[in-house]
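Down below is the structure, laid out as structure tokens.
The values are calculated or read from the model by the stated rules, or taken from the named source; none is laboratory data. Model, not experiment: these values are computed from the prediction. No Cβ is skipped: glycine too gets one built from the backbone with ideal geometry, and neighbour counts run over all protein chains shown. To get the accessible areas, we keep the full protein, side chains included, count just its heavy atoms, and leave off ligands, DNA and RNA. Shrake-Rupley method; radii C 1.70, N 1.55, O 1.52, S 1.80 Å.
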Amino acid sequence: MWKQVSSLLWRAPVPGLSPAVTVRSTSHGPSCSVSGREWVRPSGFDTGLKTFNSLSKQKEPLILTREGVATWYSCGPTVYDHAHLGHASSYVRFDILQRILSRLFGITVIHAMVITDIDDKIIRRSWEENVSPAAVSAVYEDEFKRDMLSLKVVPPAVYLRVTENVHHIVAFIEKIIRNGHAYATKEGDVYFDIQSIGGRYGRFVGAVDPQGEPGSSNKRDPRDFALWKPSKPREPYWESPWGRGRPGWHIECSTIASSMFGGQLDVHSGGIDLAFPHHENEIAQSEAYHQCGQWANYFLHSGHLHLKGSPEKMSKSLKNYISIKDFLRSYSANEFRMFCLLSKYRSAIDYSDSSVLEARSTLDTISTFCHDAQAYMKGQLQCSHVQEDLLWSRLAETKSTVMSTLADDFDTPRAISALMNLVYHGNCQLQPVSTPAGAARSPAVFGAMVTYVRDVLDVFGIDLHTKEAEVLSSRGSLQPVVEQLTQFRSKVREFALARQDSSSTGSPSRAGLHPDRLPLLKACDALREDLAPLGVLIKDRGATSTWEIKMSARGQGPEDKGEETSS
């Protein structure tokens, strides 16, 4: 009896009641809120963060069902072709958000992602290549996962494939039919009945689509969408109560997310292009199945990636994409992450070589500061008096700013700006002098600054730490060679810089230097300049010198912007 009453309450708001009425779900334990299109603030654990929720179209407090745990579902790829930078920008951005939640705010993120391994595009590709759809999907699924690892994206807790969950999908559809929100046609199609949920459909902008989806002429409403499709000749199929066929696109996510997290989901993420109709239809199906008014509490959408100057998003269908592999031939994963960090995750982002080079420059500035600060701590860089109290104050301010900006809808551009401001103030204090003035040194504050900058970048997935084993494996014995070379060069420079007695000097431009030793100085400068294009960067610090080795973006030779070693 209660089940019937619950269904009636869900399908039609009761006149005279407030827009949200709480009822108890008979199948999933937690209560579900009954509402129309209005977002209802969930009860539970308030994280202290705010995030832009596409359901309410504004920033909302991030409240989780369980304290310290976020359930998170994301739409994965349809594996029929190479992944491109449009995909990468979305997955990297959400990876950064999850890292912030877990590593800065102590929230365990349980992330599940679906792999769509059966689809019209996969079937067409299999026909073109004269192989099975399973063979096509296996190749591109494996490539996608390797691409994600190359971009340092943390894998979800579980990848779930559509083909392994068809039995769950069939049962899910059956229950939606029993609940009165779907119907089968004589052709073997099953459609969701939009009219059965009244004004509840249309939570995302653009939901009014009079054309609807293509399908059977026996649809009750043009907006009705397929839950199950009969198979055509040469297509793979599964048995069902409605005949041989395969699932529609939208139903796979509702079923798999529900099989993982039940009737209540904290966060659902995906690209903005998925908001309608995909996420709209997921909501309709899931709430029809669970008989509740708010299945997912937060929808987070990432902005499109555009090629600069193009109004269209990067996509395979438009042939305007750059594959992840092609990108990583010229740039590093660290540079792509910084490129993503410099814009808000939900903003559209323009891709161009200049925008990636801006990200590279930002990383270089940070890396150079860390290197110079280490040289100062080692006593290799002599500086005038350091305003230590000022730097400690700037560090405390930066820590506070970074936490507050990231708690405000994961505002990474402002967080990076705060880090760069800290680096600027550090660089202002690291002004080298030729001869030490005997001032007290302040290595501890620079150690704290370098550690903090590295730790924050590590949260974002950017690793500036030297990994000795990796360095040695990629460069062999190059480090000790550079060390010996730099020491020899320093001795030559020290000899060349030795001053004459003031009575014997004869060169006003090089007062005090031995004229016959000037060629040695020029030779030292020429060696430094010749080594720079090879990735060996020598910096003269008065009478002493420091060095860096930078590797290429691919990590196979000098000039790497992502990995370095120094002394």
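For segment 45-351, the relative contact order is 22 percent, taking Cα pairs closer than 8 Å that sit 6 or more residues apart in sequence and dividing their mean separation by the residue count. As a test, work out the antiparallel percent of DSSP beta bridges whose residues both lie in segment 45-351, rounded to the nearest 5. Given both bridge residues lie in segment 45-351, the antiparallel proportion sits at roughly 45 percent. Using the alpha-carbon positions of segment 45-351, Rg (one decimal) and Dmax (whole number) come out as 19.3, 55 Å. Accessible area per residue for segment 45-351, computed on protein heavy atoms with a 1.4 Å probe, is 38 Å². Cross-link pairs exceeding 32 Å in C-alpha to C-alpha distance, out of Lys145/Lys308; Lys219/Lys344; Lys378/Lys550; Lys219/Lys325; Lys491/Lys550; Lys325/Lys550, comprise Lys219/Lys344; Lys219/Lys325. Peptides 371-384, 130-143, 91-104, 292-305 ranked from most to least packed by the mean count of surrounding Cβ atoms within 10 Å: 292-305, 91-104, 371-384, 130-143.
Summarising the overall dimensions of segment 353-467 from its C-alpha atoms, the Rg and Dmax are 14.8, 48 angstrom. With protein chains left intact and a 1.4 Å probe, residues in segment 353-467 average 42 Å² of accessible area per residue. Every Cα-Cα pair of segment 230-290 was included, and the share exceeding 16 Å stands at 53 percent. For segment 92-238, the gyration tensor built on C-alpha atoms gives an oblate shape. Its axis ratio a/c (a ≥ b ≥ c) is at least 1.5, and a/b is not larger than b/c.
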